[in-house]
Amino acid sequence: MISAFILHVAQEIQSSGLVDADSDLYRCRLILPFAKTDTRPGNSDSSEKIDIGLCYENVGSSVKLQDGMSYYSLFSIVEAKRGRSATDSASAYAQLFAYSEKLYFYQINRRFLWGIVCCGSVVNACLFSNYNVHASPDIDVAKPSGRK
């Protein structure tokens, strides 16, 4: 469901007419999900499975699920849990932190990493730097105020 939403947003951006070859926005990228979910990246040496991996492509690329997830090609990681309890949230953050460490290992020149935690209807965006993690306040997408 999350992957379908991301694909929908990418299609809307591409069909909006706001981006063309002559504009500065042409250098923008589309964020697209990988086809396989809850899977181990191809070059991983552990059994950890990423819920949803995201990569980026040129705006002119076709909007479709991407193949070949590896830590080298990941742009962002989404960790999703069905429940909304403190235990679910702590588990999701712990997994996201572990994945971010791996991603920095494979992409040694990377300065920032985006991560998303979804627990029930609550979403948090995380920005990792080399020394800090910043998380957004809770965004409850089940409420109108959370969808603004």
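The values are calculated or read from the model by the stated rules, or taken from the named source; none is laboratory data. None of these values were measured; they are calculated from a predicted model. Heads up, the Cβs are rebuilt from the backbone with ideal geometry, glycines too, and the neighbour counts pull from every protein chain shown. To get the accessible areas, we keep the full protein, side chains included, count just its heavy atoms, and leave off ligands, DNA and RNA. Shrake-Rupley method; radii C 1.70, N 1.55, O 1.52, S 1.80 Å.
Here the 3J(HN,Hα) profile of segment 70-83, calculated from phi with Karplus coefficients 6.51, -1.76 and 1.60 at θ = phi - 60°, is 9, 5, 5, 9, 6, 9, 8, 10, 10, 10, 10, 10, 5, x Hz, Gly and Pro shown as x.
Per residue, the chain exposes 62 Å² of solvent-accessible protein surface, assessed with a 1.4 angstrom probe and all protein chains in place. For the modelled label position 7 Å from the Cα of Ile31 along Cα-to-Cβ, which residues of segment 44-74 have backbone nitrogen atoms closer than 11 Å? Residues 54-56 qualify, since their backbone N sits under 11 Å from the label point.
Lysine pair count for segment 12-148 (Cα-Cα distance under 18 Å; residues 8 or more apart in sequence or on different chains): 5. With a Förster radius of 35 Å, plug the Cβ-Cβ distance of Asp140 and Asp38 into 1/(1 + (r/R0)^6) and report the FRET value to the nearest 0.05. Once rounded, the FRET efficiency stands at 0.90.
Applied to segment 138-143, the Karplus parametrisation 6.51 cos²θ - 1.76 cosθ + 1.60 on θ = phi - 60° returns per-residue 3J(HN,Hα) values of 4, 10, 8, 6, 7, 10 Hz, with x for Gly and Pro. Pair-distance distribution P(r) for the chain, from all Cα-Cα distances in 10 Å bins starting at 0: 11, 37, 38, 13, 1 percent.
Per-atom-type breakdown for the chain gives carbon and sulfur 55% of the accessible area (1.4 Å probe, protein chains only).
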